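Reviewing the structure listed below.
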Amino acid sequence: MDDNQEGASILLFEIHQQHHEDAGKSASLLVMGLSTFYLLNFAFELIKKIEYFNNIKRMYDVTKLSDATEGGVRKVSFATCERVCSKQIDIEIEGDAIRKIKYTGGCHGNTQGVARLCEGMKVADVIDRLEGIDCKGRGTSCPDQLAKALRQL
């Protein structure tokens, strides 16, 4: 083998080595890129699921409309969620006891009954008794909405 052939062989070998190093770097970059892509995709899907569950939670929540205290009596009004028949709950609390509850809308006899049964009870006891009651598979009910409202106090 003459010097030209030997030089060409060395040059080809170096090109071959460089190609393999570049291919290895490219493969590493590709793997890193794919890993980053899958990680970002996973994070995006996780964020979507968290938003979905937060939306479901909000779908059952009550919304405070007003909160005032007069003569030692706290008067609070809440809008109920759209999944129940009642539209609003007005609550009067003195100390840690419920003084009066008034539902707007809903099954009139049932909401009056719940309201009267809760009068004089401690807030914590009402929450314990009413929380989680379901009406016709809706995931909530007028009594459950009252418990959710009282939990916000």
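For residue 77, the test of being assigned by TED's automatic domain parsing to the domain that holds residue 133, crowded, with 17+ Cβ neighbours inside 10 Å and free of Cβ contacts under 8 Å to residues at least 24 places away in the same chain is passed.
Screening residue 104 with (1) in contact with a Lys or Arg (Cβ under 6 Å, 6 or more places away or on another chain); (2) buried (at least 20 other Cβ atoms within 10 Å of the Cβ) gives one miss only, at (2). A Cβ distance below 9 Å, combined with a sequence gap of six or more or placement on separate chains, defines the contacts here; from segment 110-121, residues that are assigned by TED's automatic domain parsing to the domain that holds residue 89 reach residues that are among the basic types (Lys, Arg) and part of a helix (DSSP H, G or I) in the pairs 117/129; 118/129; 121/129.
The values are calculated or read from the model by the stated rules, or taken from the named source; none is laboratory data. Please read these numbers as outputs of a predicted model, since none were measured by experiment. Don't worry about glycine lacking a Cβ; one is built from the backbone with ideal geometry, like all the others, and counts go over all protein chains shown.
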